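Comments concern the structure below.
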Amino acid sequence: MADNPVIFWFRQDLRLTDSPALVEAVESGAPIIPLYILDDATPETWSMGGASRWWLHRSLESLGKSLEKIGARLLLRRGRAAEIIPQLTEEIEASAVFWNRCYEPYAIARDTRIKKSLTDRGADARSCNASLLFEPWEIATRSGGPYKVFTPFWRACLNAAPRPEPVPAPESLAAPEARPAGDRLEDWKLLPTNPDWAKEFRDDWTPGEAGAQARLADFLEHRLTGYADGRDRPDRSQTSRLSPHLHFGEIGPRQLWHAVDRGRPESDKFLSEIGWREFCHHLLFHCPSMPSDNLRPAFDSFPWREDPAGLRTWQRGMTGYPIVDAGMRELWRTGWMHNRVRMIAASFLIKDLLIDWREGERWFWNTLVDADLANNAAGWQWVAGSGADAAPFFRIFNPVAQGEKFDPDGAYVRRYVPEIADLPDRWIHRPWEAPEAVLSEAGIQLGTTYPMPVVDHKTARRRALDAFREIKSD
Ligand code: FAD
């Protein structure tokens, strides 16, 4: 078996550095087939949304080039991973398959099946952790259960630190004599064409490991100082924007852990956000139905409204509340939205429009380049108040006050809602209150060039609190 090849299966770890399973594959001494499978076919899979597919195409392109530099070629296959892995193993008589673990419930179930079918065939199946600081089961309360509150969870993580140093990228991969046939990336048609709604994505993002490293270097040099306060300001570009790179595993959290000066308040704040990512994965692992079910069952009887027209105004950034509209348009144009604005926009959908958080979760899933099952579901349930350690439902964001506090000069709104850009700062977050003369000076005709608010926030707030009173307590 010594000369039989092994398969390295890339999944959400599209990088060469700090990939423990890749190192193990190299150490096996066998020729390596690097493989990526586009698996839209496994039932229960949350298949990737449009924005993520755009990212995936670019990221695989970049990975393919990096592999070529070290003597390997990426094999692409499409279909059910649970069929493709055993078939390919037989086809090339592979002695082992290596991968880094994913923690989505469907991925765990699928990989467990694959492991069994490989061992039944006499092949080895080896997996490692590359995408979390701690495996979701490693951190437990004193009674051995999962954490439901972030602060003690993160404290337990910090007490369990230090984390291993990242492992270097292999210098070369031994190539097999024969190469199995695979797909062409272009044939997967992951990029939008007619229309090309992703054309602005190219200006904002460089998917791939080199792009992730450049983003990290830029963050450390220009944005980390002042991060603790600045991270809440959508008008400043103070956060790392590493989320899609982390989701696709173009960089891993251990690399971030070792890149910052721990003990410095700014660095510790940044690492605590990485801690939130860990917490979301911990929650998803222990509550696998989190993407579809309320973590607090009391919310099962919440009287959500069916409001397709309201949902559309929100999706299109036409609610008449500038900070919400700016966020929703930033999302559509760039595939990303600032965290503070995600909270404001989510709160507006759930509490001002009384639309089920799962509608928002689905829209984000399709439009975010960083769409991540754990972070997205936990984020939505956090805002709804139905999740673990969540904001209470009765704390309802006022979109005007939030805009004025976190985008005080309206620079963010002006960037994404150009039709009201000429309003003076005083009215930029409340155009419907501006005097007629100010509106006309700014070239605005409310209801025509920019919408009137789709709901009155004060009335909507009362309606939301009344609805909340209707639900049973847990
Ligand atoms: P930074 O501030 O630079 O933080 C560094 C990293 O920490 C991020 O890249 C991310 O991986 C992690 N992180 C930061 N904040 C959070 C958080 N609240 N929860 C979990 N991880 C966090 N994040 C996603 O990666 N994918 C999603 O699908 C997603 N959906 C969300 C939906 C809602 C309704 C909300 C409120 C938040 C959501 N988030 C999601 C979390 C957060 O908004 C983004 O991770 C963050 O805005 C990414 O920007 P950044 O990389 O510049 O963050």
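The values are calculated or read from the model by the stated rules, or taken from the named source; none is laboratory data. Predicted model, so just to flag it, every value in this text is computed and none were measured. For neighbour counting, all protein chains shown are included, and Cβ atoms are generated from backbone atoms with ideal geometry for every residue, glycine included. What goes into the accessible areas is simple: the full protein's heavy atoms, side chains included, and nothing from ligands, DNA or RNA. Shrake-Rupley method; radii C 1.70, N 1.55, O 1.52, S 1.80 Å.
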> Taking the Cα centre of each part, how many Å lie between the stretch 1-70 and the stretch 83-152?
Replying inline: 15
> Using alpha carbons only, what's the Rg to Rh ratio of the stretch 162-231 with Rh from Kirkwood?
Replying inline: 1.12
>> Normalised by the empirical 2.2 N^0.38 Å for globular proteins, what value does the Cα Rg of the stretch 148-296 take?
In response: 1.30
>> What is the percent carbon and sulfur in the accessible area of the chain, measuring with a 1.4 Å probe over the protein chains and ignoring ligands?
In response: 49
>> Given a 1.4 Å probe and heavy atoms of the protein chains only, how would you sort Glu90, Glu266, Glu44, largest accessible area at the top?
In response: Glu44, Glu90, Glu266
> Taking only C-alpha pairs under 8 Å that are 6+ residues apart, what is the relative contact order of the stretch 369-474 in percent?
Replying inline: 16
> Any idea what log10 I(q)/I(0) is at q = 0.12, 0.16, 0.23 Å⁻¹ for the stretch 1-110, Debye with uniform C-alpha scatterers and no solvent?
Replying inline: -0.42, -0.76, -1.51
> What is the ratio of the Cα radius of gyration of the chain to 2.2 N^0.38 Å, where N is its residue count, to two decimals?
Replying inline: 1.04
>> Counting only helical runs of four or more DSSP H residues, what would the 222 nm mean residue ellipticity of the chain come to if each run contributes -39,500 (n - 2.57) and the total is spread over all its residues?
In response: -13000 deg cm²/dmol
> In the full protein assembly as shown, how much of Trp99 is accessible to a 1.4 Å probe, in Å² to the nearest 10?
Replying inline: 0
> Suppose R0 equals 60 Å; then what is the FRET efficiency for Asn4 and Arg415 from their Cβ-Cβ distance, rounded to the nearest 0.05?
Replying inline: 0.60
>> Cβ neighbours within 10 Å, averaged per peptide: list 112-119, 100-107 in order, most packed at the top.
In response: 100-107, 112-119
>> Can you give me the accessible area per residue for the chain, using a 1.4 Å probe, in Å²?
In response: 43
